[in-house]
1. Taking the range 136-168, which residues are of a type in the set (Gly, Ala, Ser) and in a strand (DSSP E or B)?
2. Test Gly133 against the stated conditions and say whether it is modelled with pLDDT under 85 and part of a loop (DSSP other than H, G, I, E, B).
3. Do we have any residue at all in the range 169-176 that's out of contact with any His (no Cβ under 6 Å at 6 or more places or on another chain), closer than 30 Å to Val264 by Cβ and not in a loop (DSSP other than H, G, I, E, B)?
4. Inside the range 202-214, can you point out the residues that are at pLDDT below 95 and of a type in the set (Lys, Arg)?
Amino acid sequence: MDSRNTKEHANIVFITSYLHAPIILMRMASVTLNPSYVKAYEVLSDEKKRQIYDQGGEEALQGGGGGGEFHNPFDVFDMFFGGGRRQRERGVRPTVHQMKVSLEQLYNGFSKKLKVTRTVICTDCKGLGGVAGSVVKCSDCKGRGMIVRVMQLAPGMIQQVQSPCGACKGTGEVIPAKDRCKGCQGQKKRKVEEILEVHVEKGMKDGDRIMFEGRGDEDHDVPPGDIVIILDEKDHHTFFRKDDNLVMNIDIQLVEAMCGFSRVIKTLDDRTLFFNVLPGEVIKHSDMRVIYGEGMPHRRNPTEKVGHVAFARFIRILNFQL
């Protein structure tokens with residue numbers, strides 16, 4: 001084999017070893033029988049699962065029938081290689097807030113000011129953490145930000161585990177106390193409070209999300225995260241929502257079932273409806289009557305009602321008492 005072929009062969013071996021390093025490390029990590037490591041190895045070693053994860057993240061894998069708690073498979077990769085791979089690709093993770101809303105608010109729509117706390121890059125030091133040029137390499141980790149520990153799993157079997165350096169908190173850098181930024185205390189980032197104007201549209205439902213792109217936490221060299229508001233509908237004393245329909249349960253007396261009756265219904269926008277059952281109509285337990293056009297409004301066209309019916313369901317016919 002001539003020198004040129006030897007060099008090409010060496011390059012192939014190096015590239016192959018490099019590309020398979022995560023799989024090898026996943027196999028090593030799976031030996032510990034930690035469920036999250038095993039799940040990570042399964043995803044990284046299966047091309048189809050890996051493609052699903054790349055396209056839709058953890059939710060896509062869970063939606064495909066996987067059960068139990070799922071962990072980001074690249075968290076394990078980051079443990080060995082120093083972290084940040086997926087974060088650099090996708091930016092900072094979103095900040096999620098739940099907001100309690102009433103059925104009236106979902107029916108009519110409303111706006112609300114929400115105070116949130118977010119992490120931003122310090123503007124006083126421009127994210128340096130201190131005076132320019134004062135940052136020095138951490139002596140404990142030699143600037144790598146990670147400490148390597150060797151663990152013996154069994155006789156003749158060892159494992160290298162990397163963990164963030166405690167001295168520099170994984171940054172690889174140390175700032176002398178006298179040179180640290182007063183605004184962030186050398187942390188390069190700081191907490192700030194901001195007010196968001198949250199607009200809930202008519203017809204939105206429980207679990208709907210309102211996104212504030214780029215208004216979440218900040219970090220160096222990655223896009224800022226998003227803030228996600230998840231609507232959490234409170235129970236209503238009269239109605240409960242079924243799709244875009246409103247359902248209410250009514251108790252009636254036996255004499256009302258036989259002779260008819262009237263009810264006054266207060267709507268979610270404070271109107272009054274009159275509901276009548278005529279004498280001679282047969283009413284049985286769990287029967288339903290419909291008031292058309294009084295359901296939830298259309299989210300995209302609030303003047304149109306897509307919940308075309310409001311139900312009245314007779315859940316109990318009380319015994320007639322003399």
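1. Of the range 136-168, the ones of a type in the set (Gly, Ala, Ser) are 139, 143, 145, 154, 156, 163, 166-167.
Result: Ala154, Ser163.
2. On the way: modelled with pLDDT under 85: yes; part of a loop (DSSP other than H, G, I, E, B): yes.
Considered against the rule, which asks whether it is modelled with pLDDT under 85 and part of a loop (DSSP other than H, G, I, E, B), Gly133 comes out as yes.
3. Let us first name the residues in the range 169-176 that are out of contact with any His (no Cβ under 6 Å at 6 or more places or on another chain), namely 169-176.
Narrowing the set further to residues that are closer than 30 Å to Val264 by Cβ leaves none.
Checked the range 169-176: no residue is out of contact with any His (no Cβ under 6 Å at 6 or more places or on another chain), closer than 30 Å to Val264 by Cβ and not in a loop (DSSP other than H, G, I, E, B).
4. Hits for the range 202-214 are Lys202, Lys205.
One line per residue, one yes/no per condition, for (1) touching a strand residue (DSSP E or B) at 6+ places or on another chain (Cβ under 7 Å); (2) assigned by TED's automatic domain parsing to the domain that holds His97; (3) closer than 30 Å to Asn245 by Cβ; (4) surrounded by fewer than 17 Cβ atoms within 10 Å (Cβ to Cβ):
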position: Gly143; (1), (2), (3), (4): yes, no, no, yes
position: Val148; (1), (2), (3), (4): yes, no, no, yes
position: Gln160; (1), (2), (3), (4): yes, no, no, yes
position: Gly170; (1), (2), (3), (4): yes, no, no, no
position: Pro176; (1), (2), (3), (4): no, no, no, yes
position: Glu194; (1), (2), (3), (4): yes, yes, no, yes
position: Glu201; (1), (2), (3), (4): no, yes, yes, yes
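The values are calculated or read from the model by the stated rules, or taken from the named source; none is laboratory data. Everything numeric in this text was worked out from a predicted model, so none of it was measured. Neighbour counts are summed over all protein chains in view; Cβ atoms, including those assigned to glycine, are modelled from backbone coordinates with ideal geometry.
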